[in-house]
1. Got at least one residue in region 25-47 being crowded, with 17+ Cβ neighbours inside 10 Å and among the aromatic types (F, W, Y)?
2. Identify all residues within region 145-177 that are in contact with a His (Cβ under 7 Å, 6 or more places away or on another chain) and either in a loop (DSSP other than H, G, I, E, B) or more than 25 Å from R240 (Cα to Cα) (or both); write none if there are none.
3. Looking only at region 66-90, filter to residues that are over 52 Å from the mean Cα position of the chain (by Cα), within 11 Å of I54 (Cα to Cα) and open to solvent by 20 Å² or more (accessible area, probe 1.4 Å); which one of those is modelled with the lowest pLDDT?
4. Filter region 278-300 down to the residues that are of a type in the set (S, T, N, Q) and in a helix (DSSP H, G or I), then identify the one that is most open to solvent (accessible area, probe 1.4 Å).
5. Suppose we filter T445, T457 for residues that are touching a Lys or Arg at 6+ places or on another chain (Cβ under 7 Å), surrounded by 13 or more Cβ atoms within 10 Å (Cβ to Cβ), over 25 Å from L418 (Cβ atoms) and among the hydroxyl-bearing types (S, T, Y); which single one remains?
6. Taking region 355-412 as the search range and keeping residues that are touching a residue at least 60 places away in the same chain (Cβ under 8 Å) and among the small types (G, A, S), which one is farthest from Q178 (Cα to Cα)?
7. Being part of a loop (DSSP other than H, G, I, E, B), in contact with a helix residue (DSSP H, G or I) (Cβ under 8 Å, 6 or more places away or on another chain) and within 16 Å of V47 (Cβ to Cβ) is the filter here, so list the residues in region 12-32 that pass it.
8. Pairs only if they're at least six apart or on different chains, beta carbon under 9 angstrom, first in region 482-493 and among the small types (G, A, S), second part of a helix (DSSP H, G or I); list them, first residue then second.
Amino acid sequence: MLLSPKLILWHLKKEYSVQASRQFASDPCLKYAVCHNTAGETFSGGVLYIASDIPADFLKNPLRSMAVLTSPRDPDILEQYPNICLIPGADPLDLLEFAGRIFQKYEEWNQALFESRMMNGSIQSLLDMTGTIISNPMVLIGMDFTIVASRGTSFGDLPSSVLGSTEETADLILSLKQDPNYEAAFHRIGYFYYSGNGIAAPSLCVNIRRFGRTLYRLLITQGEVPLDDTFGFLLEYLARIINHALSTNIVDSHDTRHQLHQIFHTILTDSSADYVEVSRRLTDYGWMSSHYYLCIFLKTELLDYKNLTHRSIISYIENIIPASCALEHKGNIVIYIDLDLCQFSEAEIEQKLASFIRDSFLNAGYSRRMLGHFNFHRQYIQASLSLQVGSRKFPHRWIHRFNDIALTYLLEQTTKKLPAYMVCHEKLLNLKYESENSQSQLYQTLRCYLENHQNATRTAQQLFIHRSTLLYRLERIGHFLQSDLSDPDELLYLLLSFRLIDMEEQK
């Protein structure tokens with residue numbers, strides 16, 4: 001296996017007191033080490049020379065070779081040539097043996113990787129055997145924040161193996177989502193250094209791309225080896241081996257709730273789904289038809305699409321809310337909760353999610369609680385309408401409940417095909433026009449009277465008029481409407497008409 005001069009220098013510095021050239025190549029070009037002590041002896045490039053003086057062959061191609069000099073030399077030579085280090089007084093044979101062990105170590109690692117692939121070994125085993133040469137914490141992570149394999153980190157203990165799936169790691173995902181350097185790193189080719197952002201640790205990374213798109217990232221964080229180009233080519237080499245493993249589809253699914261996700265995916269996407277069969281499958285899972293359920297619709301941001309954070313959001317919700325099932329649908333996230341199995345009340349669920357929704361720049365719509373298995377798709381529609389209508393009515397809120405927008409939705413549906421002036425009480429509309437022309441206040445009086453449940457005393461007090469004046473106005477109103485205001489259906493129609501007219505005027 002070819003090694004780089006910079007990697008050899010790193011090992012030498014751990015064992016000896018070394019003076020080195022300012023410039024050291026980081027590309028792998030060295031095949032083996034030799035002692036160059038015989039005059040006239042020649043060697044080709046790509047060799048680590050151990051000599052008392054600079055070999056002539058080295059000077060022919062100093063960027064593709066390396067020289068370790070054991071005799072005292074003028075330090076200026078380190079300014080003149082790259083890839084030279086001085087270890088005065090060192091035994092050349094000891095240096096040769098030490099260099100041989102370095103080459104052997106990496107060759108054994110390379111052979112172990114090759115044998116693992118021949119036996120279709122796991123990606124985790126590839127990371128574990130790499131610990132002999134790179135002891136730093138190492139992670140292979142999907143760009144949806146799924147932890148495929150890790151070594152020397154706590155990531156392997158995460159629920160569902162998804163970064164951001166707990167309250168402790170949710171802030172990390174939020175910081176990465178908003179970090180432009182992290183987003184730019186999606187397009188990097190070859191190894192690169194990510195400086196971190198105060199929450200995410202610095203790391204040396206390699207993107208694993210397939211079909212022109214970054215799907216995974218192999219990275220190491222701070223530890224014994226430096227996060228620079230010394231070990232970059234080795235990380236690239238390991239990434240190529242891992243890419244081969246990924247192409248054989250040996251990555252296990254970490255989704256232990258796959259069956260439940262499939263059930264709700266069918267509910268959301270298949271309009272001809274057999275709900276009797278759906279109910280049976282849910283019952284097998286423990287979600288009974290006698291239970292009450294809640295649906296939450298989360299509208300995600302463009303940053304979630306760019307940074308593929310849907311998976312981490314889903315895992316986070318399922319980990320903090322018992323008896324929940326969250327899944328991506330049309331670019332957003334739909335959550336179903338079995339309220340009978342969940343240990344939290346609806347208020348506690350909302351409180352549990354509120355700060356996460358706000359901090360993650362999400363918006364949520366909540367359905368009503370409903371009994372049984374046959375309203376799941378309707379609950380989804382109700383939750384999405386809560387957000388859709390609520391965002392217009394209360395644009396500064398993060399969370400919208402259906403009960404808060406139900407009347408607005410009802411009024412909007414009433415005027416979906418006809419404008420308000422064609423739907424509302426015709427004589428009330430005429431009363432409004434007459435009141436505006438004559439400034440008689442009859443329209444406002446009728447509204448106040450109905451909203452006070454036809455209580456004359458309270459109405460007069462709110463309008464700051466005498467009770468006899470109110471009665472006179474009501475008489476005129478009754479004559480105008482040709483009604484004694486006693487029919488419950490007409491009273492409801494009049495109240496709705498007031499709201500419809502308000503909505504029309506707001507438009």
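The values are calculated or read from the model by the stated rules, or taken from the named source; none is laboratory data. As the structure is a prediction and not an experimental result, all values here were calculated from the model. Cβ placement follows ideal geometry from the backbone for every residue including glycine, while neighbour counts extend to all protein chains displayed. The accessibility values were calculated without ligands, DNA or RNA, using every heavy atom of the protein model including side chains. Shrake-Rupley method; radii C 1.70, N 1.55, O 1.52, S 1.80 Å.
1. no
2. Within region 145-177, S160 is the sole residue that qualifies.
3. Ranking the candidates gives R73 first.
4. T283
5. One residue alone meets the criteria, T445.
6. The selected residue is G372.
7. Those that are part of a loop (DSSP other than H, G, I, E, B), in contact with a helix residue (DSSP H, G or I) (Cβ under 8 Å, 6 or more places away or on another chain) and within 16 Å of V47 (Cβ to Cβ): F24, A25, D27, P28, C29.
8. Sorted first by the residue in region 482-493, then by its partner, the pairs are S483/K427; S483/I477; S483/E490; S483/L494.
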